[in-house]
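Quick notes on the structure that follows.
Every number here is computed from the coordinates shown, using simple stated rules; none is lab data. Predicted, not measured: the structure shown is a model, and the values here were computed from it. Cβ: placed from backbone, ideal geometry, glycine included. Neighbour counts: every protein chain shown.
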Amino acid sequence: MQPPSEYKDIQKLTGCLATLSRFISKSGERNLPFIKNLRRASSTKFYWDDEFGKAFEELEEYLSSQDGARNEKESGTGILIRGPNNIRMEYALRFTFPATNNEVEYEAMVAALTIVKSLEIKRIWAKGDSNLIMD
């Protein structure tokens with residue numbers, strides 16, 4: 001991840017953290033520095049200091065240290081669907097059953113295909129990041 005370099009980047013970051021809040025422990029605490037940043041800054045002035053830099057580094061370390069999004073009782077994942085003209089649709093899924101990373105990725109692919117089918121999309125390019133076999 002790259003640190004935010006403008007006001008809109010901070011807005012995107014807080015939006016992503018809000019979307020992932022079900023899967024990130026203490027998400028309110030982790031998001032608070034960035035929300036404070038939005039309050040201090042304005043849409044015409046970018047504001048960043050050592051406090052926010054440290055919070056960003058801690059968030060980056062936390063996100064990169066996790067082994068999937070699962071525990072003994074439940075699991076979850078995210079879906080990103082990108083379309084023409086920089087259209088982005090982001091979804092967070094939570095499953096109320098334990099699952100391996102491959103099982104979660106399979107469920108995510110099924111959900112993504114259901115979404116694109118309902119949107120009547122004719123051609124897709126699917127990308128996964130685990131050992132799930134896609135054909």
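Summary of values
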item	result
Likely footprinting exposure, ARG40, ARG30, fewest C-beta neighbours within 10 Å first	ARG40, ARG30
Potential extension, GLU103-ARG40 segment - 0.36 nm per residue separation minus Cα distance	18.4 nm
Label point distance in nm, LEU80-ALA111, each placed 7 Å from Cα along Cα→Cβ	1.6
Point-to-point label distance, LYS12-GLU29, nm (Cα→Cβ direction, 7 Å offset)	2.8
Ascending count of other beta-carbon atoms within 10 Å, so fewest first, for TRP125, TRP48	TRP125, TRP48
